[in-house]
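Here is the structure we will look at.
The values are calculated or read from the model by the stated rules, or taken from the named source; none is laboratory data. As the structure is a computational prediction, the values presented were derived from the model and not from experiment. FYI the Cβ positions are ideal-geometry reconstructions off the backbone, even for glycines, and counts take in every protein chain you see. We work out accessible area using only protein heavy atoms, side chains counted, and drop any ligands, DNA or RNA first. Shrake-Rupley method; radii C 1.70, N 1.55, O 1.52, S 1.80 Å.
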Amino acid sequence: MDVVDAFQPDWFQALADSDTDQDSTKKRIRRSVERTLEYLDQCIKRKEQSDHLKNASIIGVLEGGHSISDRIASAKETARRPVAGFSIEGFHNFGPDTEAFKISEIEELLRVTILELPEDKPRFLSGVYNPLEIIKAVKLGCDIFESTYPYVVTERGCAFVFDLDTWENKKPEDPPNTASFEVSLKNQMFQNGFVPMLKGCTCYACQNFTAAYIYHLLNTSELLGSLLLMIHNFHHYFRFFEVLRRAIAADKIIEFEEHFERINSQPKEAN
Amino acid sequence: MFRLIKKRMNMTDLTTEKALTFHIKAECSRTKARTSVMTLPHAVVETPVFMPVGTQGTLKGLAPQQLDDLGCRLMLGNTYHLGNRPGDNLLEEAGGLHEFMKWKHALLTDSGGFQMVSLLALAEITEEGVKFQSPHDKSDMMLTPEKSIEIQNSIGADIIMALDDVVHSTVTGPRVEEAMYRTIRWLDRCLKAHQKSHCQNLFPIVQGGLYPELRKKCAEELIKRDVPGFAIGGLSGGEEKSEFWKMVTLSTEILPKEKPRYLMGVGFALDLVVCVALGCDMFDCVFPTRTARFGVALVPTGQLQLKNKTYKRDFQPIDSSCSCSTCSRYTRAFLHTIVTQEPVSCSLLTIHNLSYHGARVLDLCDYSDASN
């Protein structure tokens, strides 16, 4: 809390024990739930005494590993505290395998957790999630995500190409525009690709440079390569969320999800 | 093959139809310094000018727009590297380097010859040209004057350099004379091979090591050829400063006043000041951009090694008199936390160092104007 006090954030997460995963023992899980609540109470007390944090919002962290009963207990107890939002953690350890993690593996756990939470406070779900997983989490009631996914995609030299514009007009039997969410700009097929990475994309990279140039930059390990990829990937990821919000408002989240299911189920080419 | 030819000519050029015009605005009364305006197909450039080095078709960590915002109108690309990757055929297909890297201002490419000095262990120099072993895939590459010009024609820079036989400035003996005469012969081969003199300006390079008679002979020969400008090469390689500036001033005595003089590979701020006073107009050096990547910021009083703990709590900008985007936003303390760690620190320091170097040169312009 000394550190938080010095940073003067708008929102901050209370210190928590989220070090559980699907293999954790009941005893470990229970301890993480209890400890997290102890920390939360201390943080709340400290926040109330701090000038810097008077107007800051505290986020309570929900634990419970992969145990339904502990999840319910953690959610119930945390919801009783004066927190402004909830971060749902303790499912995995955020290592390199996180990208393979599927929301479907924790669907029931999320459902019982969110049932205990008030409607008018946001729910954070951090972790590396592709568009399809995001939609599944949103359907369960999650609101806020983070941007590790575009970052790891950039780090491997890839660019997002999933379609955000024509999905509404497509019939279920129409094939999607792409076979995957991303393409690798290190692939030699882009060496003389004198077109933008993603047709119609309005980001700085696609409006100004060709895939061939970005291929060259990555091939020569030039810093500008990952800069341009990062700009593109953030741009596209943020656009995804805009389109997602519109889809929810238009009651079309199921169709939006099906669109991504179709991309995901395409046979994958070697990248 | 579909070839795009982009030519943006200044209005005055339509009457003269030259790819380069050079107008001296003011001359210093006490030194050989002058301020001028050089008009090239892609830009109007005020001289003296410092050219950043974008070796592989990019300035490390900067988008072209950022370079544009710094006021840069002329930058370098390296023929040896670009000829390798992405290759001259691809650049031809892309419509030239301007189009490929989306740089709308002027470009200058070197001949690929400097690599001879730096990669000498792998190079064999004959009258025909230079045989390299590519450091990337160990394949053999032969760089003849004709091939150098061919690659540079494909790249499409506003100014291109003749392939010269450059020896390191610390080399002595008959090799220096041999290289000097070969440079002249190679220049004539370059001129013959050059296909685009209407939109690309070929500069020859004065060689001759640290031997005044050789430098003199070389310059006298070069000025007999019909070329739009000249370069002075083979210096700034670690020779004694007292020898260095003598060779520079000797060259500028002979080279015609009404054409630009490009001093290759120079340099540090002090060298810029001295060589402007000796009559040079164009400079290039990797120093400001390379040192940025090591976390060093250039300031009027010297250098700041921002990794140093001294800056941990220093909440000033790098230079409070600097108006670059880095100095208007970030403190030394913040930069201290990210230098050599986060890629963005490279971009931030590069912006500042180029702004600094550019500003130093502009100061010299003001001085030259004022003292007239």
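Some notes on this structure:
- Inter-residue pairs, beta-carbon under 9 Å, first within 13 Å of chain A (Cβ to nearest Cβ) and free of Cβ contacts under 8 Å to residues at least 40 places away in the same chain and in region B:45-72, second open to solvent by 20 Å² or more (accessible area, probe 1.4 Å) and assigned to a strand (DSSP E or B), 6+ apart: none
- In region A:162-188, of all residues being within 14 Å of another protein chain (Cβ to nearest Cβ) and open to solvent by 30 Å² or more (accessible area, probe 1.4 Å), the one that is farthest from the chain's Cα centre (by Cα) corresponds to A:Gln188.
- Hits in region A:196-220 (condition: surrounded by fewer than 17 Cβ atoms within 10 Å (Cβ to Cβ), more than 10 Å from chain B (Cβ to nearest Cβ) and in contact (Cβ under 8 Å) with a residue 24 or more places away in the chain): A:Gly200, A:Thr202
- Flag for B:Leu214 being closer than 30 Å to B:Gly96 by Cα and either out of contact with any helix residue (DSSP H, G or I) (no Cβ under 6 Å at 6 or more places or on another chain) or not charged (D, E, K, R) (or both): no
- Among (1) open to solvent by 10 Å² or more (accessible area, probe 1.4 Å); (2) on the phi > 0 side of the Ramachandran plot, the one test that B:Gly279 misses: (1)
- Restricting the search to helices (runs of 4 or more DSSP H) fully inside region B:94-210 and requiring at least 1 residues that are surrounded by fewer than 21 Cβ atoms within 10 Å (Cβ to Cβ) and of a type in the set (A, V, I, L, M, F, W, C) gives B:114-118, B:174-193.
- Any hit, region B:86-96, residues being touching a helix residue (DSSP H, G or I) at 6+ places or on another chain (Cβ under 6 Å) and either under 22 Å from B:Asp284 (Cα atoms) or more than 14 Å from chain A (Cβ to nearest Cβ) (or both): no
- Any pair with Cβ under 8 angstrom, 6 or more apart, that starts in region A:184-195 at a residue that is in contact (Cβ under 8 Å) with a residue 60 or more places away in the chain and ends at one that is open to solvent by 70 Å² or more (accessible area, probe 1.4 Å): A:Ser184/A:Arg156; A:Ser184/A:Asn271; A:Asn187/A:Asn271
- Listed conditions (1) within 14 Å of chain B (Cβ to nearest Cβ); (2) at pLDDT 95 or above; (3) open to solvent by 40 Å² or more (accessible area, probe 1.4 Å) are all met by A:Leu223, apart from (2).
- Verdict on B:Thr21 being at pLDDT 95 or above and open to solvent by 10 Å² or more (accessible area, probe 1.4 Å): yes
- For region B:242-258, the set of residues classified as open to solvent by 50 Å² or more (accessible area, probe 1.4 Å), part of a helix (DSSP H, G or I) and more than 11 Å from B:Leu210 (Cα to Cα) consists of B:Glu253 only.
- So A:Asp21, is it open to solvent by less than 90 Å² (accessible area, probe 1.4 Å), charged (D, E, K, R) and part of a helix (DSSP H, G or I): no
- Region B:305-335, residues that are touching a residue at least 24 places away in the same chain (Cβ under 8 Å) and closer than 11 Å to B:Leu349 by Cα: B:Leu306, B:Ile318, B:Cys324, B:Ser325, B:Thr326, B:Cys327, B:Arg332, B:Leu335
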